[in-house]
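Since the structure comes first, as structure tokens, the remarks are kept for the end.
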Amino acid sequence: MNINGKKDDPRLASRLLDVIEKDILPLTERGVAAGDKVFGAAVLLRSDLSLVNAGTNEENTDCPLWHGEMVALREYHRLPERPSPDRCLLLSTHEPCPMCAAAISWCGIPEVYFLFDYRDTEAQFAIPHDIRMLRELFSPATGLNRRNAFFTATPIRELADDNSARIDAISRRYDALSLDYQSGKGDNDIPLR
């Protein structure tokens, strides 16, 4: 099948649902039986929608960071021979949470499809965290809300102790590291350099 990203091709939705049913759902059924949540994802080639890999939530069995998308991305990056991320798309059973959306962006995958949106996740699956996190953590005007329902973030520079000389010394070391990184970043495979 060659659809080359044609969203109006009726085969696209059918193939995405096939991957959910045949590749993601069996993994998620095993995960839920082990106490994990209902989220799963897969990486597919954009050109022919062939499966690269699939994953499911491992929050309970491994780490709370291992949402379905994160597991699929982790396993994609562990493949010894993997297609370039710009040749791939990510299929998620649920609209990616803020962490997963950021991870997808950092990985350089340009297309995402999902079955259930945030409202479905809240109403149908009784998991309201995505919408709440978006509201609590981020402000369109200022970015990260440093004081929110989940944590408080404080820049060390705002603490009372006078450590400005030490902070400046550490800053200079990071400046040097940044120059090293910037001079060699053209040779690495990081999508967002």
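The values are calculated or read from the model by the stated rules, or taken from the named source; none is laboratory data. Fair warning: this is a prediction, and the values are worked out from it, not measured in the lab. Please note: Cβ atoms are built from the backbone with ideal geometry, for glycine as well, and neighbour counts cover all protein chains shown. With ligands, DNA and RNA removed, areas are computed over all heavy atoms of the protein, side chains included. Shrake-Rupley method; radii C 1.70, N 1.55, O 1.52, S 1.80 Å.
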Practice problem: Quick one: check the C-alpha center-to-center distance for segment 48-69 versus segment 91-166, whole angstrom. | Solution: 18
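I'd like to check one number: the per residue accessible area of segment 45-193, probe 1.4 Å, reported in Å² as a whole number. Let's see the in-between values first.
Working: 9520 Å² over 149 residues.
On a per-residue basis, segment 45-193 sits at 64 Å².
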Quiz item: Counting other Cβ atoms within 10 Å, which GluC sites (Glu not before Pro) in segment 106-190 have at most 15 and lie in a DSSP loop?
Solution: 111
Practice problem: Grab the beta carbon distance between residue 147 and residue 61, set R0 = 35 Å, and tell me the FRET efficiency rounded to 0.05. | Solution: 0.60
Exercise. Could you rank 70, 133 by how accessible they are, 1.4 Å probe, largest area first?
Key: 133, 70
Quiz prompt | Built amide H within the under 5 Å cut-off of residue 113, gap 5+ | solution = 90, 91, 92
Practice problem: Write out the trypsin sites (Lys or Arg not before Pro) in segment 1-98 meeting two conditions: DSSP loop, and at most 11 other Cβ atoms within 10 Å of their Cβ. | Solution: 6, 7
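Between residue 158 and residue 123, what's the calculated FRET efficiency when r is the beta-carbon distance and R0 is 35 Å? Round to 0.05. The partial results should precede the final answer.
Details: r = 40 Å, r/R0 = 1.14.
The computed FRET efficiency comes out at 0.30.
Taking a ≥ b ≥ c as the square roots of the Cα gyration tensor eigenvalues, with a/c under 1.5 meaning rounded and otherwise prolate when a/b beats b/c, else oblate, which class fits segment 62-193? Each step should come with its number before you reach the end.
Numbers: a/c = 2.71, a/b = 1.24, b/c = 2.18.
Oblate shape, in that a/c is at least 1.5 and b/c is the bigger or equal ratio.
Which value, in debye to the nearest 20, describes the size of the charge dipole of the chain about its Cα centre when Lys and Arg Cβ atoms bear +1, Asp and Glu Cβ atoms bear -1, and nothing else is charged?
Working: 23 positive and 30 negative charges, 66 e Å.
The dipole magnitude comes to about 320 debye.
Out of the total accessible area of segment 35-166 (probe 1.4 Å, heavy atoms of protein only), what percent is carbon and sulfur?
Values: 4000 of 7410 Å².
The computed percentage sits at 54.
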Self-check item: Cut-off under 5 Å, modelled amide H: who pairs with residue 37 long-range
Solution: 59, 60
Exercise. Please list the non-local residues whose amide H lies under 5 Å from the amide H of residue 138, H modeled 1.01 Å from N, same-chain partners needing a gap of 5 or more.
Key: 145
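For residue 139 and residue 8 in one chain, what is 0.36 nm times their gap in residues minus the Cα-Cα distance, to one decimal in nm?
On the way: separation 131, 0.36 × 131 = 47.16 nm, distance 3.40 nm.
The span from residue 139 to residue 8 would gain 43.8 nm if fully extended.
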Quiz prompt | Helix-only CD estimate at 222 nm, as mean residue ellipticity for the chain, using -39500 (n - 2.57) per DSSP H run (n ≥ 4) | solution = -12000 deg cm²/dmol
